[in-house]
Amino acid sequence: MINYVGFFSVPLFRSWDCFVRCLDQIHLGSLLSHVIVALLPLIHLQPKETAAVFHFLIVENRDVVQDFLHEIYFLPNHPELKEIQIVLQEYRKETSKSTDLQTALQLSMKAIQHENVDVRIHALTSLKETLYKNQEKLIKYATDSETVEPVISQLVTVLLIGCQDVNSHARLLCGECLGELGAIDPGRLDFSTSDSQGKGLTFVTGVEDPHFAHGLFMELTRAFLAYADNVRAQDSASYAIQELLCIYGCRETTTDCSGSKLWKMFPDHIQEILEPHLNTRYKSYQKAVNWSKVKKPIYLSKLGKRFAEWSATWAGYLATKVRHDLASKVFNCCSIMMKNDFKVTIYLLPHILVYVLLGCSQEDQQEVYAEIMAVLKNDDTISRPCEDSASDLSHLSTQTIFSMLDHLTQWARYKFQKLSADKASIKPSKDLTEQQAPNEEYREYQSVVRFLDLIPQDTLAAASFRSKAYTRAVMHFESFIIEKKQNIQEHLGFLQKLYAAMHEADGVEGVSAIRKAEPSLKEQILEHESIGLLRDATACYDRAIQLEPEQIIHYHGVVKSMLGLGQFSTVITQVNGVLAKRPEWTPELNTYRVEAAWKLTQWDSLENYLAADDKSNTWSVRLGQLLLSAKKKETPTFYEMLKVVRGEQIVPLSAASFERGSYQRGYEYITRLHMLCELEHRIGPLLQQPGNESGKDSLNWHARIEMTQNSYRVKEPILALRRALLSLNKSEDYSERMGECWLQSARVARKAGHHQTAYNALLNAGESKLSELYVERAKWLWSKDVTVCLPEWENGHFYLAKYYDKLMPTVTENKMEKQGDLIKYIVIHFGRSLHFGNQFIYQSMPRMLSLWLDFGAKAYECEKAGRQDRTQMRNDLAKINKAIAEHTQLLAPYQFLTAFSQLISRICHSHDEVFVVLMAIIAKVFVAYPQQAMWMMTAVSKSSYPMRVNRCKEIFNKAIHMKASLGKFIGDAARLTDKLLELCNKPVDGSTNTLSMGVHFKSLKRLIEDQTFSEILIPLQSVMIPTLPSVPGTHSNHDPFPGCWAYIAGFGDTVEILPSLQKPKKITLKGSDGKSYIMMCKPKDDLRKDCRLMEFNSLINKCLRKDAESRRRELHIRTYAVIPLNEECGIIEWVNNTSGLRNILIKLYKEKGIYMTGKELRQCMLPKITPLPEKLKVYKETLLPRHPPIFHEWFLRKFPDPTSWYSSRSAYCRSTAVMSMVGYILGLGDRHGENILFDSLTGDCVHVDFNCLFNKGETFDFPEVVPFRLTHNMVNGMGPMGTEGLFRRACEVTLRLMRDQREPLMSVLKTFLHDPLVEWSKPARGSSKTLVNETGEIVNEKAKTHVQDIDQRLQGVIKNRNRVKGLPLSIEGHVHHLIQDATDETLLCQMYLGWAPYM
């Protein structure tokens, strides 16, 4: 358009003007950005006319386009546009008050996905600016709470998809934005939401499937809009759309046919694009290709040199082989389009392949096989010329083959399930015609499966390894081992290489554990490298060089290890020495010299080394080139180079982003973009003319490194580059910043166990004379103000109190009455430490409260008994009460919330003065967090013991006295609880399986739907467990419950009755946020144990999140809310998307036709007194053969794509490990196949029903003899290495953590065990001596022994039938012993048959 402006400017503007004035006003907004982007280039040629059109749109129609003005943030400052700019500025002022950064980012993301490429580029440019200006806030989003703000995860997802943009400038900008954002630790991002909604849920079977047509139309409309400037491409898209609308009969009609259903699936803006194509008359003039002349395989032949050309040619050729009528039509009308847009090709290829295989001859199949193998076997490292197209080709083509084979596998799986379902429904009939129909389908299924079997799994694994799709490589490698019955011992080298490449050190360790042979030099090296013992690796390499001096690979290894150790001068000497003898190795080894030179900031050497070899373009060479051009101040070269280097990082990112888990897979490249961003910001000021810029770099380096993944491998390169940048552009604080960088390196290396590297870094840090600086800094802190050092004081008070606590028994001969004075001090100091921070809250709060409450109870007894030391105790108690009352004033309510269950459990305290203070604390918490506190107090307020109910009332009244509006809320909550209890206890006869809210529970429905009913929180785990601030200090205004609160807005009508014994009911709550939440109402079950245990698990989760080792492995326990409503009913948050282990396995066994019926099983039930050899025989010879290990198949079925398969299996191994350890420590039993569930979206292991605790299982008729469930199926799910590797390491990390945190954990457990409201162990029959008074309080006699047992287990003491065996074990030894016990067949065969030890 711009080219013709000279001739046609007047008519052109008239037509635009006319166009916008004729438009219906409602369309102005949606077209605003399009029109403005189209006319913007003309502003310099015809300013007045352009401005006139803009003026009409923005100023005259301001109200109409109000909602779209945010899209127009890219107008240049031009004198003609003054008035328009004023309107936009006003709009921005109004909105910037209301729009926070989150909203701005949401708008930005919309614009980045805009179909118009100019809008996208403007959006990305402005986003880059926004990210830079708001880095403080963004860093807060990324690091403040335990996971990242969702908006950050969404932004990363959008930018990753942007890396596939058709426009190269847009791709680069996406890379720049990712760099500005920084390489956020993948473990902290959450991609689950965006993933689970789109892909993976609906499998598209073929061209008849409406989802196929829908997807294809969406691809074509995307292409139609993207090629606005390419007539051929846009016409091809139009032709394809026109033909397909006709083929599918897709249009708006009154009838309810498939075509109109398809039409309704499209949103309005897509329908607007499709509509005109219903009446277009495009014809296709395509030259017929003579396929016999085309060289096969096409890959790498003349037509297969570039990805787009190869994929289109191959797809076009395959389409000619399709025998299916509809499919053939569909593919043919898209064939022109495929030449213009490879995304359409990628969408269609998997479908084309299925149809080809369904009807092709043997030769055709052979050809397809040859083409696929040509791609998989091509190792592009040899033939790679320096141009990008080659690596693009191999990356993208391999990825395409993977997608095609995935689709085939899923298709075969889908067909198989359909066939087995049909088989089950067909009754054997006399009529033959019915029998033949399934056979046709079965033949199709067979032909696809046979083809899939042709492709060797080990070739796939190797190809995946080459294209860095490591999770896929693991998946193919394991099927290779299982299907081909390979001996895994022969392939350990590959497996170990794989895990090393994935940086999965646990996996590398697992491989070493199962290796029977002596490890070769190579294997030892890998092991040393992955664990970070570079010293040992270097020694091995030296030995290898002596043995095979010809092998360049050993030299690579030595030099890499030295670089890793930070011995840069040695690297240069070594490489120069080798190259003097063998100059022909320069292209291979030069890159190491270059890296060492810029890390040492030896610019002259750097220049020489770069000149020695101009071919190679590895990452370290690229950085060297950039730094050198910056040093020489060659501005154009620098920016040109920067563009190229950024582009090189984006190619692999775009290949990765075709699959799930792309961020994790591309993290290395994300880190490089992070580094390039820091490089550009630091060098920018240096290259500008001196004087106009003070050379200040405004990126917050410290925060940026904090948010990256906590590993040496990620952080060290960033720090090394920073040191080079600092020395390029020396500012006045140079030595200080340099020293800081070295110190950070030392810290990172030390944490990773690279002690040698850490020592090197410390030596370097010493040069910067930071030592005086530290003394200086300490003095400065003191003089500034003592309060800056508060965290240290928190420790001081805490350890002092702990010391007094340890001292107490010895000083007072264990007599409570003498302890008052000491208790006062302990309480004061614990309280003060809490005033300064929450580091030890789980230790100090429970202990402080216990000491006070127990002493109060003792004082009451002395008063009652009239003993002579009662006055002393009375005085002491008064002082302690005063101290606690002061703490109540000073501490924030959320701090008491952490021990709320404990406070509630002592609600019937016998001493009146103690109760007054206790009531004040509970009321204070209740007023601050009425929603959470109400749910936690429900069980006591509805108790069957009148004393508890009355004390509860007193507390409620005090709370209402403090805040009158709570009265209505408390009343409403009580009424709701009564109705829920009615629902729980509603008797149901055996045959009913649903009830209706509207019919059976009218009053509950009416209560909630009443307009005046209070807002009552839906008690989900996420809003019931308080989070603590992550920095020291009291933070009295800290919000412990971030996240979205949903209030009860209504109920779904169906009440489902579950089949188990107690007939629990499943109800749906409608939230005020519009979502539905499912809860289970359980009658006849005291849920108070489960409730306290969930609190304990949440505490363990907090510990797991804090610890770097467990955070890196994402160790956690899946928890859910448990709310007791009284002593025998309660509600439990339903865990979605889970299935029980037993159900999963039975389904698989039934499919294989080896399921054992209950009747058969009962015959295997042996009496308890049967001798062990006989039990073992039945177990091994009858039960196991009918229950082979098959659990691994569930993962392959549920998680078809490799990334989700691998991450779900790792999550399974690790979550099982955590719960095994925690369950063992707590003595959790009864882990049969219905109490262990698996999440079908994440693979997480979820345990339910915590009734059998503290080794109660040992007292069953069939005593439980294994520490946790680790049957052969559980091991089978972990993959070919079994318990070695991920599972064992996760067990060790968890157990170590529990040992380290022994004190806070025991402190919380003690309050549980001494909770007078919960019976932990039922009294033996006949002896009803348990102390029960009108309060219903019980003295838990066994609590002491339980506490002792748990404490001993935490110290590694092994007991057998209550006798201690041997010395306490180390962590590794302890875990080993437990795994052995849990998998020991002689123990498993003694388990109760209902526990299913054979499953």
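When only C-alpha pairs under 8 Å and at least 6 residues apart count, what is the relative contact order of the range 1060-1178, in percent?
22
How would 125, 888, 1386 line up by accessible area, probe 1.4 Å, largest first?
125, 1386, 888
Each residue of the range 211-225 in turn: what ³J(HN,Hα) in whole Hz from Karplus with 6.51, -1.76, 1.60 and θ = phi - 60°, glycine and Pro shown as x?
My calculation for the range 211-225 gives 5, 5, 4, 4, x, 5, 4, 5, 4, 5, 5, 4, 5, 4, 6 Hz in order.
Taking all protein chains together and a probe of 1.4 Å, list 1128, 180 from the most accessible to the least accessible.
Sorted by accessible area, descending: 1128, 180.
Please sort 255-267, 165-177, 944-956 by packing, taking for each peptide the average over its residues of neighbouring beta carbons within 10 angstrom, highest first.
My ranking of the peptides, most packed first, is 165-177, 944-956, 255-267.
HN-Hα J couplings of the range 366-371 from phi, Karplus 6.51/-1.76/1.60, θ = phi - 60°, integer Hz, Gly and Pro as x?
Working through the residues one at a time gives 4, 5, 4, 4, 4, 4 Hz.
In the full protein assembly as shown, how much of residue 361 is accessible to a 1.4 Å probe, in Å² to the nearest 10?
50
How far, in nm, would the chain grow between residue 1053 and residue 1365 when pulled straight, counting 0.36 nm per residue and subtracting the alpha carbon separation? The partial results should precede the final answer.
Values: separation 312, 0.36 × 312 = 112.32 nm, distance 5.76 nm.
Once the chain is fully extended between residue 1053 and residue 1365, it gains 106.6 nm.
For a quick check: with amide H placed at 1.01 Å from N, whose amide H comes under 5 Å from residue 1050's, ignoring anything fewer than 5 positions away on the same chain?
Under 5 Å from the amide H of residue 1050 lie the amide H atoms of 1070, each far enough along the sequence or on another chain.
Which order do the peptides 644-653, 1007-1016 take when ranked by the mean count of other beta-carbon atoms within 10 Å per residue, highest first? List each step's numbers first, then the result.
Values: 644-653: 19.5, 1007-1016: 13.6.
In decreasing order of mean packing, 644-653, 1007-1016 become 644-653, 1007-1016.
Please list 3J(HN,Hα) in residue order for the range 1250-1262, calculated via the Karplus relation 6.51 cos²θ - 1.76 cosθ + 1.60 where θ = phi - 60°; whole Hz, with x for glycine and proline.
9, 7, 9, 10, 6, 6, 4, x, 6, 9, 5, 4, 9
Among 958/1065; 824/1310; 879/1342; 858/879; 283/343; 140/643, which pairs are too far apart, with a Cα-Cα distance over 26 Å?
Beyond 26 Å: 958/1065; 879/1342; 140/643.
Rounded to whole Å, give me the distance from the Cα center of the range 1363-1387 to that of the range 843-861.
Spelled out, the Cα-based centre of one part sits 37 Å from the other.
The values are calculated or read from the model by the stated rules, or taken from the named source; none is laboratory data. This structure is a prediction, so every number in the text was calculated from the model and none was measured. Ideal geometry is used to build each Cβ from the backbone, glycine not excepted, and the neighbour counts take in all protein chains shown. The accessibility values were calculated without ligands, DNA or RNA, using every heavy atom of the protein model including side chains. Shrake-Rupley method; radii C 1.70, N 1.55, O 1.52, S 1.80 Å.
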